[in-house]
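Data block below; observations after.
The values are calculated or read from the model by the stated rules, or taken from the named source; none is laboratory data. What you see is a predicted model, and the numbers here were worked out from it, not measured in a lab. Note: ideal-geometry Cβ built from the backbone for every residue, glycine included; neighbour counts use all protein chains shown. For accessibility, only protein heavy atoms count, side chains too; no ligands or nucleic acids. Shrake-Rupley method; radii C 1.70, N 1.55, O 1.52, S 1.80 Å.
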Amino acid sequence: KQGTTRNVSIKELCTTSTSLVRNVPEAEKILIYHNYGLNGNDRSKCSEGYEIDHLVSLELGGANDGRNLWPQSYCGTNNAHDKDKLENELHRRVCKGQMQLIDAQMCIKTDWVMCYLKTFNK
């Protein structure tokens, strides 16, 4: 995954619901699961399953592009719930002018776990 982004303004990011841009067809989700060796949303390893996640979240200008999508588990350490918390905090900081958008995007796409640790001082 490369973490591709779309062209979007800060104002748009901070005032528009991501539901308006969230568009990953089911066929693409199936392909992404397959590319990662999973047979769909396999709950045999994690009872909560997986989500097809945007490495650079839509809230941070991420794209609905296969190079930005991957299956992320809801179970274990460094799970989808943790990444969601990070995405929300980075979005908040960008919208409050406390962080540049490019810095938030680079932080999350380079190593989101390290970004999480730095962001929450853990």
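Looking at the structure I just gave you, is Cys46 open to solvent by less than 60 Å² (accessible area, probe 1.4 Å) and at pLDDT below 95? Spelling it out, Cys46 is indeed open to solvent by less than 60 Å² (accessible area, probe 1.4 Å) and at pLDDT below 95. Looking only at residues of region 2-34 that are surrounded by fewer than 13 Cβ atoms within 10 Å (Cβ to Cβ) and among the polar types (S, T, N, Q), we find that the one that is farthest from Leu90 (Cα to Cα) is Asn23. Taken over region 63-122, the criterion of being hydrophobic (A, V, I, L, M, F, W, C) and in contact (Cβ under 8 Å) with a residue 40 or more places away in the chain is satisfied by Ala63, Leu69, Trp70, Val94, Cys95, Leu101, Ala104, Ile108, Trp112. For Cys46, the requirement of being not β-branched (Val, Ile, Thr) and not in a loop (DSSP other than H, G, I, E, B) is not met. The residue that is most open to solvent (accessible area, probe 1.4 Å), counting only those in region 49-83 that are at pLDDT 95 or above and β-branched (Val, Ile, Thr), is Ile52.
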